[in-house]
Amino acid sequence: MCGIVGCVGSDDTGRIVHQGLENLEYRGYDSAGIALTGETLTLAKTAGQVDELTAPRSADATAGIGHTRWSTHGEPTETNAHPHTDCTGEVAVVHNGIIENYDALKTELSEQHVFRSETDTEVIPHLVEEQLADDVSLLSAVQRATQRLDGSYAIAATAAGHDGIVVAREDSPLLIGHGDDATFIGSDATAFVEHTDRVTYLESGDIAHLTADDVTIYNGGESVDRPTDTLDWDAEAAGKSGYEHYMLKEIHEQPRALRQTISGRIDDLAIDVDLDVDLPTEYLQSVEEVQIVACGTSYHAGLYAKELLETYAGVRVTVHIASEYEFNGERDPWRTLVLAITQSGETADTLSALREAAGAGARTLALTNTLGSTVTREADDTIFIRAGPEIGVAATKTFVSQVATATLLTVHLGQVRGTLSSQATTEFLESLRDLPGAVQQVLDREPTIERAAETYADSEAFFYIGRRTGYPVALESALKLKEISYDHAEGFAAGELKHGPLALVTPETPVIAILTDGTAAEKTVHNVKEVESRGAPVVGVTSEPTLTTDVDTVFEIPACGPLEPVVANVVLQLFAYHVANEKGRSIDKPRNLAKSVTVE
Ligand code: M6R
């Protein structure tokens with residue numbers, strides 16, 4: 001949510017920062033701005049998207065910071081766009097996160113300072129201005145200013161006549177990129193990935209000063225060393241590779257993403273999995289409940305994981321929308337494993353649930369896509385889903401990789417707890433190995449799915465139904481369609497239709513039924529009849545054509561065992577994509593949304 005980029009040490013700073021903002025637009029895209037500093041400060045802002053922002057030019061610029069915004073405080077206007085400046089127009093600050101005490105600070109500062117925007121951020125440049133008036137360095141000024149702030153933030157500040165950029169992190173992610181000739185900052189590595197793959201992740205409480213020749217990091221007033229890591233993906237992986245949208249590219253990357261997810265984790269000889277995670281066997285045997293905390297698509301992956309874990313690993317599982325989570329005081333924290341599923345590793349609601357669980361004494365495990373993200377630092381253990389960078393706001397390949405990773409975890413737990421027979425293990429592992437190929441077969445039939453999407457694109461609403469693992473797929477497929485097409489779409493447990501939602505069903509509302517293996521499809525067929533008799537067109541997704549003899553449109557998919565619903569999900573990702581594309585929607589940047597939601 002909101003993107004930050006910065007650069008020191010280049011004589012092409014304006015262009016580099018502008019390019020970084022283009023890379024980061026998926027984090028927020030309702031306004032943007034850039035500040036360059038040398039002897040003077042040059043500022044450019046827009047109330048629109050980054051391509052409406054002209055990169056500023058400045059002959060003496062040695063440092064630059066930029067920001068693309070997803071508004072929280074104040075509308076997306078040019079005045080509210082970052083960078084924000086002080087009264088002198090010499091200090092510029094960009095910020096992600098929320099300053100909780102900004103109201104009190106604004107009231108206090110308003111006696112001496114003129115505020116222009118409605119943002120919480122604007123208190124920061126004024127606080128820095130106050131400190132600079134004491135003739136201290138920019139580093140000390142930012143250090144002192146942050147001592148006044150409550151809340152979460154990633155900040156980058158620069159000032160005319162001061163060397164470099166000062167950055168500070170409290171909860172919101174921020175990292176440094178080490179290029180050969182220049183140094184970069186970013187709210188994630190896509191900000192500067194075409195310049196370097198060497199990165200340092202800042203920790204909460206860190207303040208760093210970046211100049212052309214040096215990076216120094218402090219925490220609690222002491223200088224600290226932070227390791228430099230190498231990214232395992234590059235600029236090409238983060239680009240569109242000729243696809244019209246990132247979402248489409250990411251849908252097509254799923255066979256590869258799935259292969260990466262399972263690569264090296266299945267031991268064929270021992271018929272076992274190796275998740276490279278240090279969860280002691282005795283602990284896993286003693287776990288009484290797994291509590292899954294997640295939001296949005298990751299929550300749907302959690303519902304899928306619950307079906308697998310309860311059925312095959314013999315453990316009670318509760319799945320919680322992270323923003324609603326409270327640790328149940330009746331549970332024994334020592335026997336409760338809290339699993340946070342989050343592709344970004346930065347979702348504030350999920351992190352807050354994780355902290356609540358850790359505070360109650362439960363062991364925490366993260367399932368994430370993002371190396372170095374906050375969740376990896378805060379959870380006791382982490383399993384990476386290895387899907388590769390996902391730029392489109394609509395999660396696609398991370399969902400399938402989350403489910404595949406949860407399947408590996410199910411096999412591991414089921415074996416350790418002695419609940420999974422060797423036959424079931426073999427079935428699961430086969431399903432995992434077959435999954436990339438089955439997904440590829442679906443991708444190869446994209447033109448058929450596109451034609452069906454064109455047929456149904458003008459419908460009044462879309463309803464998705466499924467049972468067992470088909471239910472989370474129904475929810476996820478509905479979410480995909482609504483977020484990118486802006487059409488009304490809802491997922492239901494198939495049996496629930498007749499308890500209310502059936503009233504919504506008309507000949508103008510297609511019902512999409514998940515009729516795959518492992519989803520009690522023979523029962524869902526009865527619900528298909530219910531909607532057909534109300535005149536609704538039906539779309540069936542199945543590997544068993546006999547189940548769909550009467551339906552209007554059939555998407556036939558390859559049989560793929562317990563993971564067949566994931567293959568159905570891929571069909572419905574493409575369906576959602578083509579409905580939205582038919583309507584000319586902004587697919588990679590749907591209105592009002594952002595990729596990474598770092599506020600509660
Ligand atoms: O990064 P996370 O997995 O924690 O994100 C959670 C949700 O915001 C996210 O899954 C969201 O629902 C999807 N981008 C929607 O496609």
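Observations on the structure shown:
- Evaluating Thr107 against the criteria (1) under 20 Å from Ile217 (Cα atoms); (2) β-branched (Val, Ile, Thr); (3) open to solvent by 50 Å² or more (accessible area, probe 1.4 Å) leaves one unmet condition, (1).
- A residue that is out of contact with any Cys (no Cβ under 9 Å at 6 or more places or on another chain), farther than 30 Å from Val393 by Cβ, in a helix (DSSP H, G or I) and in contact (Cβ under 8 Å) with a residue 12 or more places away in the chain cannot be found anywhere in segment 565-580.
- Of all the listed residues (Thr524, Thr598, Thr553), the sole one being among the hydroxyl-bearing types (Ser, Thr, Tyr), over 26 Å from the mean Cα position of the chain (by Cα) and buried (at least 24 other Cβ atoms within 10 Å of the Cβ) is Thr524.
- Matching helices (runs of 4 or more DSSP H) fully within segment 327-422 where at least 1 residues are touching a residue at least 60 places away in the same chain (Cβ under 8 Å) and farther than 21 Å from Thr230 by Cα: 348-359, 397-416
- The set of residues from segment 361-375 being out of contact with any strand residue (DSSP E or B) (no Cβ under 6 Å at 6 or more places or on another chain) and open to solvent by less than 40 Å² (accessible area, probe 1.4 Å) comprises Gly361, Asn369, Ser373, Thr374.
- For segment 81-94, a residue qualifies if it is over 13 Å from Thr158 (Cα atoms) and buried (at least 23 other Cβ atoms within 10 Å of the Cβ), and exactly one does: Ala81.
- Among residues of segment 545-600 being of a type in the set (Asp, Glu) and at pLDDT below 90, the one that is farthest from Ala521 (Cα to Cα) is Glu600.
- Taken together, the criteria exclude Thr524 from residues that are closer than 15 Å to Val473 by Cβ and outside any helix (DSSP H, G or I).
- Among residues that are touching a Leu at 6+ places or on another chain (Cβ under 6 Å) and open to solvent by 20 Å² or more (accessible area, probe 1.4 Å), Leu547 is included.
- Test: Gln415 is crowded, with 17+ Cβ neighbours inside 10 Å, modelled with pLDDT under 95 and farther than 17 Å from Glu253 by Cβ: yes
- Restricting attention to segment 272-282, the residues that are out of contact with any Asp or Glu (no Cβ under 8 Å at 6 or more places or on another chain) and surrounded by 14 or more Cβ atoms within 10 Å (Cβ to Cβ) add up to 2.
- Some residue of segment 263-277 being more than 30 Å from Leu481 (Cα to Cα) and among the hydroxyl-bearing types (Ser, Thr, Tyr): yes
- Test: residue in segment 432-447 that is over 30 Å from Leu593 (Cβ atoms) and either of a type in the set (A, V, I, L, M) or open to solvent by less than 10 Å² (accessible area, probe 1.4 Å) (or both): yes
- Residue within segment 424-439 that is touching a residue at least 24 places away in the same chain (Cβ under 8 Å) and closer than 14 Å to Phe575 by Cβ present: no
The values are calculated or read from the model by the stated rules, or taken from the named source; none is laboratory data. The structure presented is a predicted model; accordingly, all values stated were derived computationally and were not measured. All Cβ positions, even for glycine, are placed from backbone atoms using ideal geometry, and neighbour counts span all protein chains on display. When the accessible area is computed, the model is the full protein with side chains, heavy atoms only, and any ligands, DNA or RNA have been set aside. Shrake-Rupley method; radii C 1.70, N 1.55, O 1.52, S 1.80 Å.
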